[in-house]
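J.: One structure is given below, represented as structure tokens, and several questions about it will come after.
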Amino acid sequence: MSAPAPRPLDGITVVSLEHAIAAPFCTRQLADMGARVIKIERPGAGDFARGYDERVRGLSSHFVWTNRSKESLTLDLKRDEAGDVMERLLAGADVLVQNLAPGAAARLGLSFEALHAKYPRLIVCDISGYGEGGPYQDKKAYDLLIQSESGFVSVTGTADGPSKAGCSIADIAAGMYAYSAILNALLLRGRTGEGSRIDVSMLESMVEWMGYPMYYAFDGAPPPLRAGAAHATIYPYGPFPVGGGATIMLGLQNEREWRVFCAQVLRQAELAEDPRFLSNSQRTANREALRTLIVDAFAGLDIGQVTQRLEDAQIANARVNDMAGVWAHPQLQARQRWREVASPAGALPALLPPASNSAYAPRMDPVPAVGENTDAVLASLGYAPDEVARLHAAEVV
């Protein structure tokens with residue numbers, strides 16, 4: 001059997017002081033690309049995200065999602081003996097990632113400033129809620145709170161009230177910016193030979209994603225209205241009920257599509273000339289009247305019939321899938337996007353990373369149990385078996 005094709009980050013070692021979602025999501029992307037990720041966890045309970053729920057055969061849904069292909073090393077960083085373990089780890093590491101509480105890494109002597117002289121090639125990535133400096137530097141930050149501070153919640157929901165996103169988008173945003181920043185830092189180190197410090201703020205990551213509503217409300221203009229699952233400023237663009245109790249999501253982008261939609265989908269070509277609906281701004285202003293007309297036209301059709309009309313007219317559309325529908329999505333099945341990874345609960349399905357590359361296959365290795373790799377990692381650092389046993393006995397690991 002031939003050896004697997006090399007991956008972009010083969011040979012890169014990442015040490016991560018991580019918990020919850022933002023940093024683990026970042027380092028899982030690095031592991032997908034071949035990096036060795038050594039995840040440092042508290043002895044006993046480990047990453048507190050392991051206890052969020054028990055939905056995946058007794059394992060946490062968040063943890064399974066963000067922690068495959070990593071090695072779990074338990075280490076009590078507050079013990080003096082942990083310092084030697086960290087020194088040996090960092091001596092062979094390329095990247096240190098941390099999202100501890102604000103200031104915690106610095107108190108442990110793990111700031112970029114404290115490490116750079118000793119490990120000049122080491123890249124240090126600090127992920128926090130608000131970034132270093134400023135009046136919010138030490139403020140606690142969780143995903144929902146950052147969704148709120150960034151303005152996301154204010155433009156999401158319905159006229160009756162705001163809503164959060166149904167997944168951890170602030171954590172995901174910060175994790176992905178950290179991932180791309182680490183790749184940039186590795187490229188830069190290839191030119192300069194020097195490591196650098198990365199400062200990723202969850203707030204700034206989310207505010208970047210808020211660019212459209214912020215510019216829409218530029219210079220004191222009113223912000224987009226909360227429109228539920230519909231688009232706030234383009235209409236018709238959103239969910240509509242059809243016969244049989246199903247829902248279709250559709251989106252019109254221009255006047256040509258509006259005319260085709262009236263003629264071929266609604267089969268009411270005269271609506272295209274209705275003065276209430278002659279432009280997107282007029283359709284948006286009169287959305288309730290237009291919605292009634294569309295709902296009435298769809299009421300006698302099932303989801304398949306409406307979808308077929310939209311497809312024939314080349315109008316963008318989608319079904320509103322629940323989670324069971326996504327697990328069974330025919331496009332993901334046809335493209336063979338699912339693999340199995342091992343875990344303490346047995347084999348589990350896992351989605352391949354979204355960006356495929358023809359030159360290599362991503363790494364899809366097990367989700368580790370707490371401390372599963374502690375002895376192996378310590379042995380790789382040069383600890384003899386009796387030294388490992390002493391560290392266990394002293395509850396350092």
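J.: What is the distance in Å between the Cα centres of the range 319-366 and the range 73-101?
T.: Spelled out, the Cα-based centre of one part sits 32 Å from the other.
J.: What's the center-to-center distance, using Cα atoms, between the range 177-218 and the range 136-155 in Å?
T.: Cα centroid of the range 177-218 versus Cα centroid of the range 136-155: 18 Å apart.
J.: How high is the FRET efficiency between SER163 and ALA361 when r is their beta carbon distance and R₀ equals 51 Å, given to the nearest 0.05?
T.: 0.85
J.: Let me ask something else. Please give the calculated 222 nm ellipticity per residue for the chain, where each DSSP H segment of at least 4 residues contributes -39500 (n - 2.57) and the sum is spread over every residue; nearest 500 deg cm²/dmol?
T.: Result for the chain, helices only: -9500 deg cm²/dmol.
J.: Same structure, new question: Relative to the present Cα-Cα distance, how much length would full extension add between MET210 and HIS329 at 0.36 nm per residue of separation?
T.: Answer, rounded to one decimal: 39.9 nm.
J.: So how much slack lies between ARG57 and GLN314, counting 0.36 nm per residue of separation and subtracting their Cα-Cα distance, in nm?
T.: 88.3 nm
J.: Between ASP274 and SER180, what is the FRET efficiency for a Förster distance of 51 Å, r being their Cβ-Cβ separation, to the nearest 0.05?
T.: After rounding, the FRET efficiency stands at 0.60.
J.: Moving on to the next point. Below 12 Å, Cα to Cα, which aspartates and glutamates can LYS164 reach? Residues fewer than 8 away in the same chain don't count.
T.: ASP143, GLU149
J.: Could you please rank CYS26, CYS262, CYS167, CYS125, placing first whichever residue has the fewest other Cβ atoms within 10 Å of its Cβ?
T.: In order of increasing Cβ crowding within 10 Å: CYS167, CYS262, CYS125, CYS26.
J.: Let me ask something additional. As a quick test, which of the pairs LYS118/LYS139; LYS39/LYS78; LYS78/LYS140 have an alpha carbon distance above 24 angstrom in this structure?
T.: From the list (LYS118/LYS139; LYS39/LYS78; LYS78/LYS140), the Cα-Cα distance tops 24 Å for LYS118/LYS139.
J.: Separate question: Under the 0.36 nm per residue contour assumption, what length would be gained going from the current alpha-carbon distance of GLU87 and ALA384 to full extension?
T.: Residue separation times 0.36 nm, minus the Cα-Cα distance, leaves 105.3 nm.
J.: Here's something else I'd like to know. With a sphere of radius 10 Å drawn around the Cβ of ARG189, what net charge do the other residues whose Cβ falls strictly inside it have (Lys, Arg +1; Asp, Glu -1)?
T.: 0
Just so you know, all these numbers are worked out from the coordinates, no wet-lab data involved. Please read these numbers as outputs of a predicted model, since none were measured by experiment. Every residue, glycine as well, gets a Cβ built from its backbone with ideal geometry; the counts of neighbours run over all protein chains shown.
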